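Some notes on the structure that comes next.
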Amino acid sequence: MSYTKKPRKKNKALQPKKIGALYGGKATCLIQEKKYSSAREILLQGIELLNGIGGVARGLSIHYAKTYISEENYEAAENILNLILTKCLKHRPDTEEFPDDPIIKYIYPDPFINEEISFYHRLDDKQPVHTQEILSVYYALARLYIKKNDSAGYSRIKNKIIALSPQDRFVNNNHI
């Protein structure tokens, strides 16, 4: 008695980690070529595929903010990183006025403009955020403060990193 196995259908949807690797890699190449706005467009495409939720989307969002650091647009980078951090910590933002940047709709979606993304965000808000994701935002902020020679900002963030992860190798080895 012989039987033939039916071939399994491949899942055509990309897994989040693959989306992150693909879009993050493309953006990194564009950043090396100093094509920052093109890199942000690519990152937004990846974030959109993920509806702006989950660790991979947060990672792409941090990468997005870093493009502004590369351009030395520190204010834009700091605003975006602080909004990502506020979202990670499950706090309400200090303001209802957000920077005029396309990424904002994926960090704090307006339920009246994009109901679908808002729905996914409400579900995601109930999930815990891993400590490493919060640390990733802190690392980006620390690098930002180093680049703009803001020692007070750097010290503040370094202390938050130590409070969250006392044996943090990045702080202890000065890799920030």
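The values are calculated or read from the model by the stated rules, or taken from the named source; none is laboratory data. Owing to the predicted nature of the structure, the values given are computational and were not obtained by experimental measurement. Neighbour counts are summed over all protein chains in view; Cβ atoms, including those assigned to glycine, are modelled from backbone coordinates with ideal geometry. Side chains included, ligands, DNA and RNA excluded: accessible areas come from the protein's heavy atoms. Shrake-Rupley method; radii C 1.70, N 1.55, O 1.52, S 1.80 Å.
Tell me the residue from Ser70, Ser61 that is within 25 Å of Ile146 (Cα to Cα), open to solvent by 40 Å² or more (accessible area, probe 1.4 Å) and hydroxyl-bearing (Ser, Thr, Tyr), please.
Testing whether each residue is within 25 Å of Ile146 (Cα to Cα), open to solvent by 40 Å² or more (accessible area, probe 1.4 Å) and hydroxyl-bearing (Ser, Thr, Tyr) leaves just Ser70.
Of the numbered conditions (1) within 23 Å of Leu49 (Cβ to Cβ); (2) loosely packed, with under 11 Cβ neighbours inside 10 Å, His91 satisfies every one except a single condition; which is it?
Of (1) within 23 Å of Leu49 (Cβ to Cβ); (2) loosely packed, with under 11 Cβ neighbours inside 10 Å, only one is false for His91: (1).
What is the residue count in segment 145-171 for residues that are assigned to a helix (DSSP H, G or I), at pLDDT below 85 and surrounded by 11 or more Cβ atoms within 10 Å (Cβ to Cβ)?
Of the residues in segment 145-171, 2 are assigned to a helix (DSSP H, G or I), at pLDDT below 85 and surrounded by 11 or more Cβ atoms within 10 Å (Cβ to Cβ).
When segment 89-122 is examined, which residues are found to be at pLDDT below 75 and of a type in the set (Phe, Trp, Tyr)?
Phe112, Phe119, Tyr120
Just need a number here: residues in segment 19-47 that are open to solvent by 40 Å² or more (accessible area, probe 1.4 Å) and either farther than 22 Å from Ser118 by Cβ or under 12 Å from the mean Cα position of the chain (by Cα) (or both).
Total satisfying the criteria: 12.
So for segment 82-92 (the condition being over 24 Å from Tyr139 (Cβ atoms) and in a helix (DSSP H, G or I)), does at least one residue qualify?
For segment 82-92, residues over 24 Å from Tyr139 (Cβ atoms) and in a helix (DSSP H, G or I): absent.
Confirm whether Glu97 is over 25 Å from Lys26 (Cβ atoms), assigned to a helix (DSSP H, G or I) and among the charged types (D, E, K, R).
No.
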